[in-house]
1. Which one is modelled with the highest pLDDT among residues in segment 170-212 that are out of contact with any strand residue (DSSP E or B) (no Cβ under 8 Å at 6 or more places or on another chain) and over 28 Å from residue 236 (Cα atoms)?
2. List the strands (runs of 3 or more DSSP E) that sit entirely inside segment 4-103 and contain at least 3 residues that are farther than 30 Å from residue 287 by Cβ.
3. Out of (1) surrounded by fewer than 16 Cβ atoms within 10 Å (Cβ to Cβ); (2) part of a strand (DSSP E or B), the odd one out for residue 235 is which?
4. Name the pairs whose Cβ atoms lie under 7 Å apart, with the first residue in segment 164-177 and without any contact (Cβ under 8 Å) to a residue 60 or more places away in the chain, the second surrounded by 15 or more Cβ atoms within 10 Å (Cβ to Cβ), and 6 or more positions between them or separate chains?
5. Quick one: which residue in 320, 279 is at pLDDT 95 or above, more than 20 Å from the chain's Cα centre (by Cα) and surrounded by 13 or more Cβ atoms within 10 Å (Cβ to Cβ)?
6. For segment 122-141, which positions are within 20 Å of residue 244 (Cα to Cα) and crowded, with 20+ Cβ neighbours inside 10 Å?
7. Residues to consider are 223, 189, 140; find the one that is free of Cβ contacts under 8 Å to residues at least 60 places away in the same chain and touching a Ser or Thr at 6+ places or on another chain (Cβ under 8 Å).
Amino acid sequence: MLKIRISENQGNQRLDRFLKKYLDQAALSLIYKIIRKDIKVNGKRCKEDYILNVGDEVSLFLSQEDVDKFQKPKKFIKAKKQFKIAYEDENILVAEKPFGLLTHGDKSEKKNHLANQVIDYLIEKGEYNPRVDRTFTPSPANRLDRNTTGLVIFGKTAPALQNLNHLIRQKDAISKKYLTIVAGNLNKPLRLKDKMVKEEARNLVKVVSDEDAGKVMETLVRPLEQADFDGEKVTLVEVEIITGRTHQIRVHLAKSNYPIIGDVKYGNSRINRWAFKNFKLSTQLLNAYELDFNYVGDDEPLAYLEGKVIKGTLPEDFKFIKEKIFGKEGKGRNGHEEYFRMD
């Protein structure tokens with residue numbers, strides 16, 4: 001018999017879901033058979049929909065040999081730390097993702113991505129033990145494209161990650177702000193709202209008409225500084241996403257005739273040639289630089305974060321381009337001068 005004391009990272013989930021994670025190689029039919037015959041919680045039989053609480057004792061009437069057979073060894077590839085830390089406490093970590101690094105692994109890169117790097121960092125700190133926490137892995141609550149830099153929030157505990165995922169799904173709970181440079185002289189704020197569809201095969205997003213099926217995307221754009229550099233008018237802007245769709249900022253700005261400089265997928269080819277000629281820039285210049293915890297809720301695990309603002313630092317390439325175009329400090333406009341002193 002194996003006894004499992006339910007920890008903070010294992011509680012607040014159904015018994016069948018916990019067991020499916022704990023015995024991840026077992027068929028679902030076997031999971032339900034074990035629940036009927038080979039498991040007790042606090043000494044009593046429970047149904048599959050019983051919600052486990054922190055401190056519950058789960059007695060699993062299986063041999064260690066059988067348990068080992070139904071568990072896939074939890075292996076994490078040691079990944080060299082490339083990210084900076086904008087903020088960290090016992091519940092969350094806000095990483096500054098560098099250029100060229102995936103948030104999650106995919107078919108092309110399964111080892112060296114931000115999620116693995118953060119997990120390895122937490123293992124080295126002794127804050128996460130994959131052998132003990134078999135049913136939970138610290139994970140990001142938001143994601144950025146490979147070539148977009150900036151802030152990614154990780155839940156270090158299961159309650160924190162659940163809270164973060166809930167907040168991310170709400171429109172106004174956490175404000176996510178970006179900095180970018182766009183083509184054109186944008187001199188007034190924009191509020192953009194459209195429907196979009198994604199072509200999975202091409203990893204491409206298209207704006208569709210209101211009558212078509214699609215997901216709503218909403219974006220706020222605030223101009224910060226205009227300049228004329230080497231014959232092109234450009235604007236430094238702050239972008240706030242109300243929804244979080246794939247390529248949302250890039251698509252919305254391109255549709256509004258203010259494409260991000262360097263964006264080869266959605267941008268303007270003439271502007272991109274100008275960006276490459278002046279800065280060797282061959283991809284979108286986009287940095288997720290600020291997270292504002294506007295509303296959390298008094299009874300939530302992360303209630304203490306309400307009102308907190310977390311800012312990152314501009315990557316050196318972005319900083320260089322910004323200073324070349326707008327000067328070292330920038331003049332600012334509309335009360336936004338502080339955004340020019342991030343670095």
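1. Within segment 170-212, the match that is modelled with the highest pLDDT is 202.
2. Filter on segment 4-103 gives 39-41, 57-60.
3. It fails just one condition, (1).
4. Here the result reads 165/141, each pair linking segment 164-177 to a residue that is surrounded by 15 or more Cβ atoms within 10 Å (Cβ to Cβ).
5. 279
6. Within segment 122-141, 140, 141 meet the criteria.
7. When all the criteria are applied, what remains is 140.
Residue-by-condition table, conditions (1) surrounded by fewer than 19 Cβ atoms within 10 Å (Cβ to Cβ); (2) over 17 Å from the mean Cα position of the chain (by Cα):
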residue	(1), (2)
80	yes, yes
84	yes, no
105	yes, no
118	no, no
154	no, no
157	no, no
167	no, no
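The values are calculated or read from the model by the stated rules, or taken from the named source; none is laboratory data. Quick caveat, the model's predicted, so the values are computed rather than measured. Reconstructed Cβ throughout: ideal geometry from the backbone, glycine too, with neighbour counts over all protein chains shown.
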